[in-house]
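I have placed the structure first, in the form of structure tokens, so that the comments after it can refer back to it.
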Amino acid sequence: MRIKRGDVRGLLAKKRVKVDGVIVTEIAYPIGQFSHVVVDDTVLQARVPCYLMMNKPAGVVSATKDAHHTTVLDLLVDPPSVDLHIAGRLDFNSTGLLLLTNDGQWSRALSLPERNIEKTYTVTLAEPLDERYVDAFLNGMYFDYEGITTRPVKLEILSDYCARLRLVEGRYHQIKRMFGRFQNEVLTLHRHSVGPVELDLGLAPGQSRYLSSEEVFSLSLD
Ligand code: URA
């Protein structure tokens, strides 16, 4: 059924439109991206929100399509029939918690700077760490390309070559670039959590599962 803009008021006045099972008569009635919209018996919109976590393995691209490499979407064994996108990419060789959804509002809200959603990572490095890193990461580093100073990153040294990081932003290759200032190459980078959502340790690399409603809600805007 194709509905012209000019017909909408008439349909509403005749009580022929239902949104989420409720007859709607007001033109200003808010219709969300996942509202179920029916005119008479014809469904006009019936999108179902979908939220997944994956344990991303190394060597796959955080993208929905790629001409040369396997993408994270290629790894879904039983892909839901919705248009998924990635909420917060990981680099080709980075591993760990990756969130996928078809809910653009939810994924945009994850990256709002004022929400300060903390992400945790562990890194292993080519050269040994020392206390200078802790201060430099906390003080922030100026990134010429973006013209910004990174927000404080909490770095905890776990051993000579291994650290845990907590950061609230996700600039392009941010962690690698920050260690790059010390000419220290990141050998492995693994994300454990995004806000309160932690990688399910039952997921082998490449496996995924649906988020629980509590997990979805914990990352939603209030
Ligand atoms: N920072 C990086 O450099 N790479 C990632 O994958 C994530 C954060």
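Read-outs throughout are calculated quantities, based only on the coordinates presented, and are distinct from any laboratory measurement. Keep in mind it's a predicted model, so treat the numbers as computed, not measured. Backbone-built Cβ (ideal geometry, glycine too); neighbour counts: all protein chains shown.
The table for this structure:
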item	result
Candidate aspartates and glutamates for bridging to LYS14, where Cα separation is under 16 Å - those fewer than 8 sequence places away on the same chain excluded	GLU26, ASP40, ASP41
Fraction in percent of alpha-carbon pairs per bin - 5 Å, segment 1-128	2, 9, 15, 15, 12, 11, 10, 9, 8, 5, 2, 1, 1, 0, 0
Vicinal HN-Hα couplings computed from phi for segment 83-89 (Karplus, 6.51 cos²θ - 1.76 cosθ + 1.60; Hz; Gly/Pro x)	7, 7, 10, 9, 9, x, 5
Cα-based shape type of segment 104-181, given that a ≥ b ≥ c are square roots of the gyration tensor eigenvalues and the cut on a/c is 1.5	prolate
For the chain, diffusion coefficient by Stokes-Einstein and Kirkwood Rh (Cα), 20 °C, 1.002 mPa s, µm²/s	107 µm²/s
Long-range Cα-Cα pairs in segment 7-47 (distance over 17 Å), rounded percent	18 percent
Pair ILE23, ASP91: separation of 7 Å Cα→Cβ label points (nm)	6.0 nm
Gain upon complete extension [GLN105, LYS15; 0.36 nm per residue less C-alpha separation]	29.5 nm
Dimensionless Rg over Rh [segment 64-123; C-alpha; Kirkwood]	0.98
Relative contact order of segment 4-100, pairs being alpha-carbon contacts under 8 Å that are 6 or more residues apart, as %	22 percent
Residues of type lysines that LYS119 reaches as a straight line, Cα spacing below 20 Å, ignoring anything fewer than 8 places off in the same chain	LYS56, LYS154, LYS176
Set of lysines with alpha-carbon distance to LYS18 below 25 Å, sequence-local pairs under 8 removed	LYS4
